[in-house]
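Okay, so here's the structure we're looking at.
The values are calculated or read from the model by the stated rules, or taken from the named source; none is laboratory data. Here the structure is a predicted model, which means the values were calculated and not measured. Cβ: placed from backbone, ideal geometry, glycine included. Neighbour counts: every protein chain shown. Accessible surface areas use protein heavy atoms only, side chains included; no ligands, DNA or RNA. Shrake-Rupley method; radii C 1.70, N 1.55, O 1.52, S 1.80 Å.
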Amino acid sequence: MTRRIDRRSALKFGLAGLGAAMAVPVAARAEARPTPRATGDLGLIIERAVGRVRIVETTGRTVLHTIEGLGDLSHASAVFSRDERFAYVFGRDGGLTQVDMLEGRIVNRVVQGGNSIGGAISQDGRLVAVSNYKPGGVKIFDADTLALVADIPAAYEGSTEQSKTVGLVDAPEQKFVFSLYDAGETWLVDMSDPAKPAVTKFKGIGKLPYDGLITGDGRHYVAGLFGEDGLAMLDLWAPENGVKRILGGYGKGDKPLPVYKMPHLEGWAEADGKLFLPAVGRHEILAVERGSWREVGRVKAHSQPVFVMARPDGRHLWVNYAHPDNDTIEVIDVKTLSVVKTLKPGPAVLHMEFTPRGEHVWVSVRDLDMVLVYDTRTFEVLARLPMDKPSGIFFTARAHRTGL
Amino acid sequence: MFDWSRTSPPLLTLAALLIAPAAFAAGDPPEERQKVLLYRLIQDCGSCHGMTLKGGLGPALLPETLKDKADESLTDIILNGIEGTPMPPWAFETSASEAAWLVRVLKKGAVHDATH
């Protein structure tokens, strides 16, 4: 790349005439104008213990920028602007930070709540919503300025405190959906008029919803329940039908096993007409048919699944596990519902992110202080990138996917 | 299975910084074990209680939030969990005296101070 710039500046040097006095500023200007770069192969990796993020590129598999000063990033996540230029990082301390992926710097940062858990970006990319554990509720910000646009406190019957909010996702037609952990409700927020958020509340969805997902087409919202066997599903094409219980009693009355890390539904997998979900308190992955919402299979897993992620083509699921079995990834063939590969990347595998077409997967291994890049066909390790306690990995292709 | 908790050197780097405030006294776990317990407290308890223990899905585990609660009942919660909630039992990898030590560390705010 440098050679190309050199040649171009040499050319300009020549064109600028032979006067040395004139040639110097022209050459300098050419030097300062590097080849433009696109953002389609960029990503952001959270270094949870040091409040730092790394900007990486997945073509040469290198780190481009290291950005400090993002606060408490335990349990942090990120969404992207629709031009894939900016990331919005949601930190544990309520920090919302806008990061420039190209310039590798913080553009904007607000501390919006006491204790936040995640966020979403609206369909049109103009609003960023953050869900809070403390004081509870959801706040919505202008994506350009991070100015507060709407505050939606999660007040509920029978409590003077607000509920923790979980499972916040964006939905078509400028909506957001989230659930209330303490109240057992799902709320649908229409932000068509940012000055007047229209909230529809669905009550009694089940006990302790702990996370939620929305299908790739933005039609079905599913909340996982901790306090009950089953999940709660809302069809956004027919919200008047309310929230329905699906996979009720999947534990068949057995006493649940302890859960050492809560499963995440953000990494839910849809493949072969089925949705694959981590059971909670069972060492199983549940397969449910979309449409009928009947259970159509389950896979015995190594331990409590945390992320169940479909390779983008849908053929394989990559699954990681909770403490103390978190040194393992299992790869499951969707066609046969059987484990085809067991990997031991190292202690505390926290997250996995596929490149947009799924040829590689990046895996964060916290206690190895390393991110590993695997070839998803050969399972060969292609690269090792040293990082400090890496956790979430987020690639810019998420910008164009509902719910991510 | 390979026991990473005992062998991985990076695992101990952060915990090593935290060891000082948790003064060694009679009945405390051996120093090496304290490092493992503190690392787990920050990283794994931290996944629900926050890495700074200021709360997450689970409540804050800070001196001011714990001060009115009996040591014995907090120790019991760590060992046996709270049924019907996400708080899991840790007895499978924590002894009663280790859990009691964790409660003392939490109530002193020793972990919290050291992370700042």
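Whenever a residue of the stretch B:48-60 is more than 9 Å from chain A (Cβ to nearest Cβ), its partners that are open to solvent by less than 20 Å² (accessible area, probe 1.4 Å) and β-branched (V, I, T), lying with C-beta atoms within less than 7 angstrom and at least six residues away or across chains, give the pairs B:L53/B:V111. Criterion first (in contact (Cβ under 8 Å) with a residue 12 or more places away in the chain and not in a helix (DSSP H, G or I)) does B:L74 satisfy it? It is false that B:L74 is in contact (Cβ under 8 Å) with a residue 12 or more places away in the chain and not in a helix (DSSP H, G or I). Can you find a residue in the stretch A:351-367 that is of a type in the set (A, V, I, L, M), open to solvent by less than 10 Å² (accessible area, probe 1.4 Å) and not in a strand (DSSP E or B)? No, that holds for no residue.
Taken over the stretch A:244-261, the criterion of being surrounded by 11 or more Cβ atoms within 10 Å (Cβ to Cβ) and within 14 Å of chain B (Cβ to nearest Cβ) is satisfied by A:G251, A:P256, A:L257, A:P258, A:V259, A:Y260, A:K261. For the residues A:D375, A:D333, A:D325, A:D313, the requirement of being surrounded by fewer than 23 Cβ atoms within 10 Å (Cβ to Cβ) and within 14 Å of chain B (Cβ to nearest Cβ) singles out A:D325.
Considering the stretch A:183-292, the qualifying strands (runs of 3 or more DSSP E), each wholly inside and each with 3 or more residues that are among the hydrophobic types (A, V, I, L, M, F, W, C), touching a residue at least 24 places away in the same chain (Cβ under 8 Å) and within 20 Å of A:V334 (Cα to Cα), run over A:274-278, A:284-289. Taken together, the residues in the stretch B:64-116 that are among the small types (G, A, S) and modelled with pLDDT of 95 or more amount to 9.
When every residue of the stretch A:259-270 is checked against the conditions, at least one turns out to be modelled with pLDDT of 90 or more and touching a Phe, Trp or Tyr at 6+ places or on another chain (Cβ under 7 Å). Within the stretch A:214-243, the set of residues being more than 15 Å from A:R282 (Cβ to Cβ), aromatic (F, W, Y) and surrounded by 18 or more Cβ atoms within 10 Å (Cβ to Cβ) comprises just one member, A:Y221.
When you look at A:I117, is it more than 21 Å from A:L385 (Cβ to Cβ), buried (at least 24 other Cβ atoms within 10 Å of the Cβ) and touching a residue at least 24 places away in the same chain (Cβ under 8 Å), yes or no? For A:I117, the condition - more than 21 Å from A:L385 (Cβ to Cβ), buried (at least 24 other Cβ atoms within 10 Å of the Cβ) and touching a residue at least 24 places away in the same chain (Cβ under 8 Å) - is met.
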